[in-house]
Amino acid sequence: MHDMPSISGRMPIDTGSTRVRKNGAKDALRIIQIDPITPEDRLLQEAADVIHKGGIIAYPTETVYGIGANALNEEAIERVYAVKQRDRDKPMLIIIHHIDQLNKLVDCIPHTAEILCDSFWPGPLTLVFRASSAVNPRLLGRQGNIGIRIPKNTICLKLLERCTVPLTSTSANISGAENPISIDQVYNSFKEKIDLYIDGGIASGSMPSTVLDMTTTVPTIRRKGRITQIEIETIIGKVKDGT
C-alpha cells in the first residue's frame, strides 16, 4: 500500500478504515482512522487488544495527542518512557474512564477534589493525589503522588471503557518537543516505535491539561493548561501558582 499523505493535504476518506504505512523492510505500521463522533466498536477493540497485550498506542484527546499504555503494566510503562526519551524521575499522568476507578488508585480524595471532579471532569484538569499501593511506582514522583483525569474526548473515553484499565497520559512527542495535534506529527516522531496509531482528526489545541496538586495545604498549580487559575478559584477559592 502507498504511504498515507499528510492530513493537511489528503482528500477526505471514510472513517472506520485501517491503513498501513510501509517502513522499508520493517513490518507495516497500523494507522486506524476512527470516527470522532461515533467511534467504531471493532476499531476500538483493535486498539484495546494492543493495550491488553502490553503494546503502546497513539490516541487523540481533547487537548493534544497522547501515548497510551496499560498503566498497570510495568513493561509497557517502561516502553513509553523509552520512546519519549523521558527522564525516569519525572512522573507520568494517567487517565481513567469513570470516577469510581479513582478510589482504587489514591489514598484519599479531599472534599475540594470531589468538587473539582464534579465541575471539570470529563475535561482537561489533572488532579494530583497521594497514590495507593495499586499504582505502579514507575509512574510516581518522588513524593509518591499520581496525576489523574477523565478526558473529554469520545474516542478516548470509549477506548478506556474497552480497555478496563487506566492508560498512561503523556503527550505523543519526544520530551521537550512541540505538543502534537495531528496523527502525522506523532507518526513522524515515532514510526515503528508505536504499535498502533489512532487517527481521530485534528486535536482542538496544543495546550495540555492543567495540573493541580491536591496534596498540598493549599491546592497548587503544577502546570498551566486549558483550565485557568481563575476558573479553578471560582469553584474552590484560592489556589497557589507553583509553576
(request) Within the range 118-156, report the trypsin sites (Lys or Arg not before Pro) that DSSP leaves as loop and that have at most 16 other Cβ atoms within 10 Å. (result) ARG142
(request) Figure the gain on full extension for LYS191 and GLU114 (residue separation times 0.36 nm, minus the Cα-Cα span) and round it to one decimal in nm. (result) 23.8 nm
(message) For LYS53, LYS240, which order do you get if you count the other beta carbons within 10 Å of each Cβ and list the fewest first?
(response) LYS53, LYS240
(request) Sort largest first and round to whole Å: the equivalent ellipsoid semi-axes of the range 87-137, each the square root of five times a Cα gyration tensor eigenvalue. (result) 19, 13, 10
(message) Need the C-alpha centroid separation for the range 134-172 versus the range 49-110, integer Å.
(response) 4 Å
(message) Could you tell me the calculated FRET efficiency between THR234 and MET207, based on Cβ-Cβ distance and R0 = 30 angstrom, to the nearest 0.05?
(response) 0.95
(request) Let me have the 222 nm mean residue ellipticity of the chain computed from DSSP H runs of 4+ only, each contributing -39500 (n - 2.57), with the sum over all residues rounded to the nearest 500. (result) -7500 deg cm²/dmol
(request) Please express the Cα-Cα pair-distance distribution P(r) of the chain as a list of whole percents, one per 10 Å bin, running from 0 to the bin with the greatest distance. (result) 7, 33, 36, 17, 5, 0
(request) Diagonalise the Cα gyration tensor of the range 196-243 and give the resulting equivalent ellipsoid semi-axes, square root of 5 times each eigenvalue, largest first, whole Å. (result) 28, 12, 8
(message) Test of understanding: ordering ASP49, ASP184, ASP100, ASP199 by Cβ neighbours within 10 Å, fewest first, what list do you get?
(response) ASP100, ASP49, ASP184, ASP199
(message) From Cα pairs below 8 angstrom and at least 6 apart in sequence, can you work out the relative contact order of the chain, rounded to a whole percent?
(response) 26 percent
(message) Tell me the net charge near PHE120. Cut-off is 10 Å between Cβ atoms, PHE120 excluded, with +1 for each Lys or Arg and -1 for each Asp or Glu.
(response) +1
(message) Let's test this: bin the Cα-Cα distances of the range 132-243 at 5 Å from zero up to the farthest pair and state each bin's percent.
(response) 2, 9, 16, 19, 20, 18, 11, 4, 1, 0
(message) Counting other beta carbons within 10 Å of each residue's own, what order do VAL239, VAL80, VAL218 fall into, fewest first?
(response) VAL218, VAL239, VAL80
(request) Give, as a single signed number, the net charge of other residues whose beta carbon lies under 14 Å from the beta carbon of ARG226, with Lys and Arg counted +1 and Asp and Glu -1. (result) +2
(message) Just to confirm a number: summing +1 for Lys and Arg and -1 for Asp and Glu over residues other than GLU178 whose beta-carbon lies under 14 angstrom from that of GLU178, what do you get?
(response) 0
(message) If the reach is capped at under 23 angstrom between alpha carbons, list the lysines near LYS53, excluding any in the same chain fewer than eight residues apart.
(response) LYS22, LYS26, LYS84, LYS104, LYS158, LYS191, LYS193
(request) Could you point to the residue in ALA71, TRP121, TYR81 farthest towards the positive end of the chain's charge dipole, with +1 and -1 charges on the Cβ of Lys/Arg and Asp/Glu respectively? (result) TYR81
(request) For the range 48-142, list log₁₀ I(q)/I(0) at each q in 0.16 Å⁻¹, using the Debye formula over Cα point scatterers of equal strength and ignoring solvent, two decimals each. (result) -0.75
(request) Report, to two decimal places, the Cα Rg of the range 125-178 normalised by 2.2 N^0.38 Å (N = number of residues). (result) 1.27
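Apply 1/(1 + (r/R0)^6) to the Cβ-Cβ distance of GLU161 and GLN85, taking R0 = 41 Å, and write down the FRET efficiency to the nearest 0.05. It would help to have the intermediate numbers written out before the result.
On the way: r = 31 Å, r/R0 = 0.75.
According to the calculation, E is roughly 0.85.
All of the numbers you see were taken from the coordinates with simple rules; none came from a lab. Being a predicted model, the structure only gives us computed values, none of them experimental. Virtual Cβ from ideal backbone geometry, glycine too; neighbours counted across all protein chains shown.
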